[in-house]
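Peer 1: Just dropping this structure here.
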Amino acid sequence: MFELLKTDPHSRARLGRLTTSRGVIDTPVFMPVGTQGSVKALDPRELLEMGTQIILGNTYHLHIRPGLDIINAAGGLHQFINWPHPILTDSGGFQVFSLAKIRKIKPHGVEFRSHLDGSLLFLGPKEAMEIQRALGSDIAMVFDDCPPHTSAPREMRAAVERTIRWAGECREQPRAAGQKVFGIVQGGSDPALREECAKQLVALDFDGYAIGGVSVGEPEPEMMKAVEVTEPFLPANKARYAMGLGTPAQLVELVARGVDMFDCVLPTRVARNGTAFTTRGTVSIKAGFNKSDFRPIEEGCECFACRHFTRAYLRHLLNVGEILGLRMVSVHNSHMFLKVMADIRAALAAGTFAEFRREFVANYIPSRKILLAREESR
Ligand SMILES: [Zn+2]
């Protein structure tokens, strides 16, 4: 399924190719997030135009609304949302542990109340795989226990043990035709727990491996450490996916740490507040200094918004609440994340990733607000 094409001699970065039944994905790859069956404010034509290769869907949210009956009747998720290209579905583990109210962890899953109407629901390895099978995603994720980063060591260990056991149960469930399944490594920032979880999951021989328990409110050094202590135990011939990360500069640094796949809600989430990502950091399009700035969001950007509209016009749209404003900032931001990954792939192919990384990270000024927004990601 995964082909390792080239490795960077100066870092852990890898150039690769992921083959699914609905298409080939060049890695490192950014996957726009379509939690509810739509990448917020963007349509499939726009996603393709900006170079999207694969999008995300979410088991928990789609299970609650519109429900499997509707998606089944439509002929699966790809048909329902009119996206005939690859889809990865998250298992719902993260949402059950972060969104849902009143959870009771049981041996075979979690009993919880819907965040929507309070109804009693149950999700475990069997259910999560059954839903993902019905959704028909190309890559399904195992159902894991994703504890907060502040959990006591004892709780973190229990979560890892549960994650390993549930991964084994997920492995045994029937899949949709051609569906691949990824394991999820937990363990917080404890190197021993990460190692143990990775080794046990690798023994179960999944199609790929995710690093979970990142993007759960931990500070950046802790997040980087969680990846660094996990990656060496993941097989080189399988794709690695860091869940829910990150800012553009973090993506470059995570690629350098051996990660191939990313998803993050930041591009579309901050767009709705009028914040745009550029290669120099974020900029508030609503800010007064853009009032009569007739340049695009970012000079040289080839997205639809930058080719057609000025900052001054987008600022006006955002200030009067016109939907086009937030749509165009969403277009630019998503395009920007995808372009960073395309540039990374080109640099890896050309053998210039070290220079690219140095320059990109030096130019990019992280904004504290954006780092905080990441904490409530997904
Ligand atoms: Zn642009």
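Peer 1: Of the cross-linked pairs 40/339; 180/238; 40/180; 238/339, which ones have a Cα-Cα span greater than 21 Å in the structure shown? All intermediate terms of the calculation are to be shown ahead of the outcome.
Peer 2: On the way: 40/339 19 Å; 180/238 12 Å; 40/180 26 Å; 238/339 24 Å.
From the list (40/339; 180/238; 40/180; 238/339), the Cα-Cα distance tops 21 Å for 40/180; 238/339.
Peer 1: Another question about this same structure. Kirkwood Rh over Cα pairs of the chain into Stokes-Einstein at 4 °C, 1.567 mPa s: D in µm²/s? Spell out each step's value before the answer.
Peer 2: Numbers: Rh = 21.0 Å.
My calculation gives 62 µm²/s for D.
Peer 1: Could you let me know the centre-to-centre spacing of the stretch 51-85 and the stretch 314-343, using Cα atoms, in angstrom?
Peer 2: If we compute the Cα centre of each part, the gap is 24 Å.
Peer 1: Classify the stretch 173-267: rounded, prolate or oblate, from the alpha-carbon gyration tensor (a ≥ b ≥ c, eigenvalue square roots; a/c under 1.5 rounded; otherwise prolate if a/b is larger than b/c)? Before the final figure, lay out the partial values.
Peer 2: On the way: a/c = 1.83, a/b = 1.30, b/c = 1.41.
Oblate, because a/c is 1.5 or more while a/b does not exceed b/c.
Peer 1: Label 7 Å along Cα→Cβ of residue 113; the stretch 62-97 residues with amide nitrogen under 16 Å?
Peer 2: Once the point is set 7 Å along Cα→Cβ of residue 113, 96-97 turn out to lie under 16 Å by backbone N, inside the stretch 62-97.
Peer 1: Which percent of Cα pairs goes in each bin when the distances of the stretch 13-162 are cut into 5 angstrom slices starting at zero?
Peer 2: The percentages, shortest bin first, are 2, 9, 18, 19, 18, 15, 11, 7, 2, 0.
Peer 1: If the viscosity is 1.306 mPa s and the temperature 10 °C, what translational diffusion coefficient in µm²/s does Stokes-Einstein give for the stretch 285-355 when Rh comes from Kirkwood over Cα pairs? If you can, show how the numbers build up before the last one.
Peer 2: Details: Rh = 13.1 Å.
The calculation lands on 121 µm²/s.
Peer 1: Which helices of the chain meet both criteria: a Cα extent of 27 Å or more along the helical axis and a mean Kyte-Doolittle score no lower than 0.0, with helices taken as whole DSSP H segments? If you can, show how the numbers build up before the last one.
Peer 2: On the way: long enough: 153-172 (29 Å, -1.08); 323-350 (40 Å, 0.93).
Span-like helices, by this rule, are 323-350.
Peer 1: Under a no-solvent Debye model with one identical scatterer per Cα of the stretch 4-62, what's log10 I(q)/I(0) at q = 0.14, 0.16, 0.21, 0.24 Å⁻¹?
Peer 2: Computed log10 I(q)/I(0) values: -0.51, -0.63, -0.89, -1.00.
Peer 1: Taking the Cα-to-Cβ direction at residue 175 and at residue 102 and moving 7 Å from each Cα, how far apart do the two end points lie in nm?
Peer 2: 3.7
Peer 1: Can you give the Kirkwood hydrodynamic radius of the stretch 272-322 from its Cα pairs, in Å with one decimal? Before the final figure, lay out each step's value.
Peer 2: Values: mean 1/r = 0.0919 Å⁻¹.
10.9 Å is the Kirkwood radius here.
Peer 1: Need one number: convex hull volume per residue for the stretch 38-93, Cα atoms only, in Å³.
Peer 2: Details: hull volume 4.5 nm³, N = 56.
Taking only Cα atoms, the stretch 38-93 has a hull volume of 80 Å³ per residue.
Peer 1: Compute the semi-axes of the equivalent ellipsoid of the stretch 119-253, taking the square root of 5 times each eigenvalue of the Cα gyration tensor, and list them largest first in whole Å. Before the final figure, lay out each step's value.
Peer 2: Numbers: eigenvalues 109, 59, 44 Å².
Result for the stretch 119-253: semi-axes of 23, 17, 15 Å.
Peer 1: On to the next question. Remind me, what semi-axes does the stretch 121-161 give for its equivalent ellipsoid, largest first in whole Å, using sqrt of 5 times each Cα gyration tensor eigenvalue?
Peer 2: On the way: eigenvalues 139, 21, 12 Å².
They are 26, 10, 8 Å, listed from largest to smallest.
Peer 1: Next up: Can you tell me the accessible area per residue over the chain, all protein chains present, probe 1.4 angstrom, in square angstrom? Intermediate results must be reported in sequence, preceding the final value.
Peer 2: Numbers: 15330 Å² over 378 residues.
On a per-residue basis, 41 Å².
Peer 1: If only Cα atoms are counted, what is the Rg of the stretch 96-193, and what is its Dmax, in Å?
Peer 2: Expressed in Å, the Cα Rg and Dmax of the stretch 96-193 come to 13.9, 40.
Peer 1: Per the 1.4 Å probe, what fraction of the accessible area of the chain, in percent, lies on carbon and sulfur atoms?
Peer 2: 52
Peer 1: Distances over 25 Å make up what percent of all Cα-Cα pairs in the stretch 1-102?
Peer 2: Numbers: 1611 of 5151 pairs.
The share of Cα pairs beyond 25 Å in the stretch 1-102 comes to 31 percent.
Peer 1: I've got another one for you. Hey, what did the stretch 1-139 get for relative contact order, percent, Cα under 8 Å, at least 6 apart? Each step should come with its number before you reach the end.
Peer 2: Details: 219 pairs, mean separation 27.3, N = 139.
Computed over the stretch 1-139, the figure is 20 percent.
Peer 1: For every helix of n ≥ 4 consecutive DSSP H residues, a contribution of -39,500 (n - 2.57) applies; sum these over the chain, divide by its total residues, and give [θ] at 222 nm rounded to the nearest 500 deg cm²/dmol. Display every interim value, and only then the final one.
Peer 2: Details: 16 runs with 160 residues, N = 378.
It comes out at -12500 deg cm²/dmol, rounded to the nearest 500.
Peer 1: In the stretch 339-354, whose amide N lies under 16 Å from the spot 7 Å out along Cα-to-Cβ of residue 5? List them in ranges.
Peer 2: What the label zone holds, given the 16 Å backbone N cut-off, is 339-353.
Peer 1: Evaluated at 4 °C with a viscosity of 1.567 mPa s, what Stokes-Einstein diffusion coefficient in µm²/s does the stretch 49-133 have when Rh comes from the Kirkwood expression over alpha-carbon pairs?
Peer 2: Values: Rh = 13.7 Å.
In µm²/s, the coefficient rounds to 94.
Peer 1: Measure out, as a whole number of angstrom, how far apart the alpha-carbon centroids of the stretch 1-21 and the stretch 120-154 sit.
Peer 2: 27
Peer 1: Testing the spin-label approximation: label points 7 Å from Cα along Cα→Cβ at residue 192 and residue 165. State their distance in nm.
Peer 2: Those two pseudo-labels are separated by 2.1 nm.
Peer 1: Could you please state, rounded to a whole Å, how far the C-alpha centre of the stretch 228-276 is from the C-alpha centre of the stretch 174-227?
Peer 2: 13
Peer 1: With a ≥ b ≥ c the root eigenvalues of the C-alpha gyration tensor of the stretch 235-373, is it rounded (a/c under 1.5), prolate (a/b larger than b/c) or oblate?
Peer 2: On the way: a/c = 2.24, a/b = 1.87, b/c = 1.19.
Cα axes put the stretch 235-373 in the prolate bin.
The values are calculated or read from the model by the stated rules, or taken from the named source; none is laboratory data. Remember, predicted model here, so these are calculated numbers, not experimental data. Neighbour counts are summed over all protein chains in view; Cβ atoms, including those assigned to glycine, are modelled from backbone coordinates with ideal geometry. Keep in mind that these areas ignore ligands, DNA and RNA; they rest on the heavy atoms of the full protein, side chains included. Shrake-Rupley method; radii C 1.70, N 1.55, O 1.52, S 1.80 Å.
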